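In what follows, a structure is listed as structure tokens, so that the remarks can point back to it.
Read-outs throughout are calculated quantities, based only on the coordinates presented, and are distinct from any laboratory measurement. Everything numeric here is computed off the predicted structure, so don't read it as measured data. Every residue, glycine among them, receives a Cβ derived from its backbone with ideal geometry; neighbour counts consider all protein chains shown.
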Amino acid sequence: MTNNAIPQMIDLVFDVEGGTLPAAYPFALWPALMHHAPQLANEKLIGVLPLRSSVSNQGMMLSKRAKLTLRVPATLSESVNASLTGQLLDLNGSTIRLGTSKVRPIQPFPTIHAQMVVGETDEVLFTDDINMQLMELGVSGNLICGKRHTLSSEQHLIKGFSLVIHDLKPDASLKLQYAGLGESRQFGCGIFIPYKVITGLSDD
């Protein structure tokens, strides 16, 4: 279904307890996860999906329904679950506690999106680069480039665009969700999930 270089990935979805997080929490979340589960460093495709939150004067307020979702190789799911369940994570003075988790298989939706894919700051150049990456993966689909985004802290600066890819065949959808696009997967970038709103985008 996918080429040999791309492992089968799953989403490991943890319950989360917490309040307000710093706006640049992804840069603190990854090392906190690595502290408890160093095996996360074993596979470059591992990613952390953005937490569901809203902006407040104090930072990012976690939604009551927020979940921490890690995209990991299926072969690592039991190990990562055992390492992280029940752990208290320190995110630059803010804390979240991870509860139990469940495995969520990745589904071959024809339309998928990423909140942010790292790349060129010019939309035309960004789109050209994405098309090249898709060609290298052997994936065919149509692009809708969204808003430009920036994720920054005192030590980091990441730029890119939100991205929807549609009209994907099932194998291509799975391959793209397994592999992702671009860099900084550990900070929530380049990770695709099903986009259920848009249908029939290529219909006349």
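Under a 5 Å amide H cut-off, with hydrogens placed 1.01 Å from N, L21 pairs with M60, M61, L62 among residues at least 5 apart or on other chains. Placing a pseudo-label 7 Å from each Cα along the Cα-to-Cβ vector at T75 and E154 gives an inter-label distance of 4.0 nm. Principal-axis analysis of the Cα atoms of the chain puts helix 123-137 at an angle of about 90° to the longest axis. Please list, ordered by chain and number, the residues whose modelled amide H lies under 5 Å from the amide H of G99; skip anything fewer than 5 residues away on the same chain. When sequence neighbours closer than 5 places are left aside, the close amide H contacts are D15, V16, E17, G86. Approximating the spin labels as points 7 Å out from Cα along Cα→Cβ, the Q107-to-M132 distance works out to 3.5 nm. For region 182-195, the Karplus equation 6.51 cos²θ - 1.76 cosθ + 1.60, evaluated at θ = phi - 60°, returns couplings of x, 9, 6, 4, 5, 9, x, 9, x, 9, 9, 10, x, 10 Hz by residue, with Gly and Pro reported as x. When the chain is treated as a GNM with alpha-carbon contacts under 10 Å, the residue of E78, E17, E120 showing the greatest mean-square fluctuation is E78. Modelled this way, with points 7 Å down the Cα-to-C-beta line, the labels at A23 and T121 are 1.7 nm from one another.
A helix-only calculation puts the chain at -6500 deg cm²/dmol for mean residue ellipticity at 222 nm, using -39500 (n - 2.57) for each DSSP H run of at least four residues, averaged over all residues. For the chain, excluding the exposed loop sites themselves (trypsin sites (Lys or Arg not before Pro), DSSP loop, at most 13 other Cβ atoms within 10 Å), the longest remaining stretch covers 66-195. Taking other C-beta atoms within 10 angstrom as a stand-in for reagent exposure, M61, M116, M135 fall in the order M135, M61, M116, fewest first.
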